[in-house]
Amino acid sequence: MAAKIAVLGAGAWGLTLAGLWVRGSEKFRKEPLDVFVYCRDQVKAERLRQTRVMDKPRGFAIAPTIVVEDNLKACIDGASVIVFACTSQSLRSLAQEVALLLSAEGSPSASLVSIGHGLDGQLPALVSAVKGLELGTLMRMSEVLAEVLPGRPIAALTGPNLSEEILNGMPAASVIASSNFELARALQELLSVSKFRVYANDDVIGCELGGTLKNIIAIAAGSCDGLGLGVNAKAALLTRGLAEMTRLAVRLGAKPTTLAGLAGMGDLFATCASPLSRNYRVGFELVRGKTLDQILTGLGAVAEGVTTAAAVCELSQRLGLELPIAEQVESTLKGNSTPAGAIMALLSRPLASE
């Protein structure tokens, strides 16, 4: 019997992951994965079922074997893995709905397929594919899942994964992180498909914070390119941005080496180099004189760095850490500074050792 994956979220990333696992697994393993996608909006769900075309990031076809569901129970029933691909600020409410359904079921469904490593009795495994911090609590996404769904096996999927490139069939690598390394290994084997190589990691803090913090630096990188400041300036920005990311992550318990890997430096470079990145586009369009509301409306999707900047600055104040790039990005997003003014503020800081 094929393993079932339930992807909760029918946005660009959720549909990208669903298509990746359906198409990739057909060539990669003997038993293709059964992939379901949950779409809360019934009208959108019906449109996706009828047209089999996703509208963001572009009109890519949805594989015929992907099941689009607007019924959450039907989507997660019998799933070996539940992947959360919603926004950071909606994760808690969605997880609460899942918790009610799983608790009502009692013991795991007989239709669950083992993902190996002796974990079959603990299924379904919960995977966060969301990059951000929850406002107010300042929790990472896996922490939110652990609070709402205690005792469940939890992991985080993160890395340099621009959805449009993956949809175009380009190769990519990602990281699956869990404090239970056996879970990470099992999910690595299940989620790796052709052209999508997954690495296992036990540093959940570092992996999640890498994917979260790079979005702030990407906004600054977009402004840097929009201002035409050149390669030297951008190299300095990314290098110092990585230092900021590492400083905060290590203070919170991450391994510094994690930030030098795919989940940190890799994701940072991809997000800061490509106009396919929503956060990069936010910074680039700010230079053009557009308001933040205009930019976000034009994107038609969430740019996680916008909310993350506020959360990270609040977190840095609690910890007594200086994060000058994050502070300038937040100031610009609030309209208290301009992109050019923020760059000058960073250049005017007191001289220091690296």
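How much length would be gained if the chain were fully extended between Ser103 and Ala173, taking 0.36 nm per residue of separation minus their Cα-Cα distance, in nm to one decimal? It would help to have the intermediate numbers written out before the result.
Details: separation 70, 0.36 × 70 = 25.20 nm, distance 3.42 nm.
Result: 21.8 nm gained on full extension.
For the range 249-297, what is one quarter of the convex hull surface built on the Cα atoms, given in nm²? Please list the in-between numbers first.
Details: hull surface 18.1 nm².
The Cα convex hull of the range 249-297, projected and averaged over all directions, gives 4.5 nm².
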### Query
Between Ala260 and Leu321, what length comes free when the chain is fully extended (0.36 nm per residue of separation minus the Cα-Cα distance, one decimal in nm)?
19.9 nm
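Can you put Leu145, Leu135 in order, fewest other beta carbons within 10 Å first? Each step should come with its number before you reach the end.
Numbers: Leu145 27, Leu135 14.
Ranking Leu145, Leu135 by Cβ neighbours within 10 Å, fewest first, gives Leu135, Leu145.
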### Message
Using amide H atoms built in the peptide plane, which far-off residues or other-chain residues are under 5 Å from Tyr199 H to H?
### Response
Ser174, Val175, Ile176
### Query
Based on the Kirkwood radius over alpha-carbon pairs, what is the Stokes-Einstein translational diffusion coefficient of the chain at 25 °C with 0.890 mPa s viscosity, in µm²/s?
119
### Task
Run the quick spin-label model on Met344 and Phe269: label points 7 Å from Cα toward the beta carbon, then report their separation in nm to one decimal.
3.4
### Task
Averaging over all projection directions, find the projected area of the Cα convex hull of the range 4-202 and quote it in nm² with one decimal place.
10.3
### Kirkwood-based Rg to Rh ratio, the range 212-347, C-alpha trace
0.94
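What number, in percent, do you get for the relative contact order of the range 81-171 if the mean sequence gap of Cα pairs under 8 Å and at least 6 apart is divided by its residue count? All intermediate terms of the calculation are to be shown ahead of the outcome.
Numbers: 104 pairs, mean separation 30.8, N = 91.
34 percent.
Based on the mean of other beta carbon atoms within 10 Å per residue, what is the order of 39-51, 210-222, 257-269, most packed first? Walk me through the intermediate numbers first.
Working: 39-51: 14.5, 210-222: 30.1, 257-269: 22.8.
Packing proxy ranking, top to bottom: 210-222, 257-269, 39-51.
Count the DSSP beta bridges whose two residues both fall in the chain, then state the antiparallel fraction as a percent rounded to the nearest 5.
Details: 7 of 32 bridges.
Restricted to the chain, the bridges split so that about 20 percent are antiparallel.
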### Query
In terms of modelled amide H atoms, which long-range or inter-chain residues lie less than 5 Å from the amide H of Met139?
Glu134
### Message
Sort 14-20, 343-349 by the packing proxy (mean of other Cβ within 10 Å over each peptide's residues), most packed first.
### Response
14-20, 343-349
### Query
Simple spin-label model, 7 Å along Cα-to-Cβ: Asn71 to Leu135 in nm?
3.5
### Query
For the chain, what relative contact order do you get, as a whole percent, if you take Cα pairs closer than 8 Å and at least 6 residues apart?
14
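Going by how many other beta carbons lie within 10 Å of each one, how would you line up Phe60, Phe181, fewest first?
Phe181, Phe60
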### Summary
For Glu69, the residues 5 or more places away or on another chain with a placed amide H closer than 5 Å to its own amide H are Val37, Tyr38, Cys39
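Between Gln122 and Ala301, what length in nm is gained on full extension when 0.36 nm per residue of separation is reduced by their alpha carbon distance? Each step should come with its number before you reach the end.
Working: separation 179, 0.36 × 179 = 64.44 nm, distance 3.42 nm.
That works out to 61.0 nm of additional length.
When a footprinting reagent is the concern and you count Cβ atoms within 10 Å, what order do Trp13, Trp21 take, fewest first? Walk me through the intermediate numbers first.
On the way: Trp13 24, Trp21 27.
The fewest-first ordering by Cβ neighbours comes to Trp13, Trp21.
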### Task
Using a cut-off of 15 Å between beta-carbons, work out the net charge of the residues near Pro350 (Lys and Arg +1, Asp and Glu -1, Pro350 not included).
-1
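Here, each number is a calculation from the coordinates, and none is a lab measurement. Computed from a predicted structure; not experimentally measured. Because the Cβ atoms are built from the backbone with ideal geometry, glycine has one as well, and the counts that use them run over all protein chains shown.
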